[in-house]
Amino acid sequence: MEVERHDDVHAFYERVAPFLERNEAAHTLQLGFRERLERNPRVFGDADPILLAVVASGAVIGVATQTPPFPAALSLFEDPAGAEAVAEHLAADGCELPGIAGPVGVDERFLDRWRALTGAEATLDRRERIYAAHRVIAPRPTSGRMRPFDAHDRDLVLAWIAAFGAEAMPGSALDNPERFLERRAQDPASGLVLWDDGGPVSLAGFGAPSPNGMRIGPVYTPPELRGRGYASAVTAAVTTHVLEGGRRFCFLYTDLANPTSNSIYQRIGYEPVIDVTAWRFRH
């Protein structure tokens, strides 16, 4: 088993895409930023990405990526020891990772080795579940309609993205709403929509394309407007829009600490695929 480090984004994905695409839902994160990294390797920050392929007998058996300043993302591994090999490689390079995100089980193998090698303390940030939908079950009728985001919505949407990030994903790309919105505008595969009921009441995004799928998120309704069916309505509508646009699947992440959102998405056709965790490190 060996760890290959790639400096060329195009060559890296040529190498690892067949492996990642065997389970698009589990690898929606790493597949989803492929096009953006190929256009600009520093799209997420001021440093080059770390692109690792774990190889056994010439075949890719696992993938690890980091787009600084964000945590590293780990794929599934055909051999669980591959996660330990990644930890050893990164530690030998002197990397000071801010954290990791990866499938349950893979995270434990990486963390045990990383702690032993670096002395880092790991704190659990989020437990999440990835869902996939290939059809939409219509939610109960809700007043309003989906419409595209436009420039007049900018200030409101920036505030909502910041609120969502603080509530659900602190330390993520959503901590910088201006930059998040700028990247969405520059990505032709991405978009934002609003549910409008006499004014905007809920937000949903879509993007991060993989060969057959698209990821939905963020989805946000202000606290004072929750419980009225708006999140279900906008998620069902944007999922329908993406599927009718030619994608076979839509994917999304949910926080396992939020049973309401997990229930909502299952009622409109999303099915659980895999559980993942996010960890923060303190060195």
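Worth a mention:
- Taken over segment 11-34, residues that are farther than 27 Å from Ala132 by Cβ and not aliphatic (A, V, I, L, M) amount to 0.
- For the condition surrounded by fewer than 20 Cβ atoms within 10 Å (Cβ to Cβ), without any contact (Cβ under 8 Å) to a residue 12 or more places away in the chain and farther than 30 Å from Arg179 by Cα, Gly58 qualifies.
- In the set (1) under 30 Å from Trp195 (Cα atoms); (2) surrounded by fewer than 17 Cβ atoms within 10 Å (Cβ to Cβ), Ile130 fails one condition alone, (2).
- Conditions (1) surrounded by fewer than 20 Cβ atoms within 10 Å (Cβ to Cβ); (2) touching a strand residue (DSSP E or B) at 6+ places or on another chain (Cβ under 7 Å); (3) over 15 Å from Gly191 (Cα atoms): number failed by Tyr265: (1)
- Residue list for segment 102-120, restricted to those being outside any loop (DSSP other than H, G, I, E, B) and touching a residue at least 60 places away in the same chain (Cβ under 8 Å): Gly102, Pro103, Asp107, Leu111, Trp114, Thr118
- Residues in segment 138-172 that are in a loop (DSSP other than H, G, I, E, B), on the phi < 0 side of the Ramachandran plot and surrounded by 12 or more Cβ atoms within 10 Å (Cβ to Cβ): Ala138, Pro139, Thr142, Ser143, Phe149, Met169, Pro170, Ser172.
- Selection within segment 72-101 - assigned to a loop (DSSP other than H, G, I, E, B) and surrounded by fewer than 19 Cβ atoms within 10 Å (Cβ to Cβ): Glu78, Asp79, Pro80, Asp93, Gly94, Cys95, Glu96, Pro98
- Single condition Phe164 does not satisfy, out of (1) modelled with pLDDT of 95 or more; (2) touching a Leu at 6+ places or on another chain (Cβ under 9 Å); (3) under 22 Å from Ala233 (Cβ atoms): (1)
- Condition met for Asp187 (outside the structural domain of Glu21 (by TED's automatic domain parsing), surrounded by fewer than 22 Cβ atoms within 10 Å (Cβ to Cβ), of a type in the set (Asp, Glu) and in contact (Cβ under 8 Å) with a residue 40 or more places away in the chain): yes
- For Thr65, the conditions (1) more than 18 Å from Ile100 (Cβ to Cβ); (2) in contact with a Pro (Cβ under 9 Å, 6 or more places away or on another chain); (3) modelled with pLDDT of 95 or more; (4) not in a loop (DSSP other than H, G, I, E, B) all hold with the exception of (1).
- Residue that is surrounded by the most Cβ atoms within 10 Å (Cβ to Cβ) [pool: residues in segment 268-283 that are under 28 Å from Leu97 (Cβ atoms) and of a type in the set (Phe, Trp, Tyr)]: Trp279
- Selection within segment 179-193 - outside any helix (DSSP H, G or I) and either over 16 Å from the mean Cα position of the chain (by Cα) or not small (Gly, Ala, Ser) (or both): Asp187, Pro188, Leu192, Val193
One line per residue, one yes/no per condition, for (1) touching a helix residue (DSSP H, G or I) at 6+ places or on another chain (Cβ under 7 Å); (2) among the small types (Gly, Ala, Ser); (3) closer than 20 Å to Ala208 by Cα:
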{"site": "Met1", "(1), (2), (3)": "yes, no, no"}
{"site": "Asp7", "(1), (2), (3)": "no, no, no"}
{"site": "Phe12", "(1), (2), (3)": "no, no, yes"}
{"site": "Arg22", "(1), (2), (3)": "no, no, yes"}
{"site": "Ala25", "(1), (2), (3)": "no, yes, yes"}
{"site": "Glu38", "(1), (2), (3)": "yes, no, yes"}
{"site": "Asp46", "(1), (2), (3)": "no, no, no"}
{"site": "Val55", "(1), (2), (3)": "no, no, no"}
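- Number of the condition not met by Glu178 [criteria: (1) surrounded by 13 or more Cβ atoms within 10 Å (Cβ to Cβ); (2) over 21 Å from Asn258 (Cβ atoms); (3) at pLDDT below 95]: (1)
The values are calculated or read from the model by the stated rules, or taken from the named source; none is laboratory data. The structure presented is a predicted model; accordingly, all values stated were derived computationally and were not measured. Neighbour counts are summed over all protein chains in view; Cβ atoms, including those assigned to glycine, are modelled from backbone coordinates with ideal geometry.
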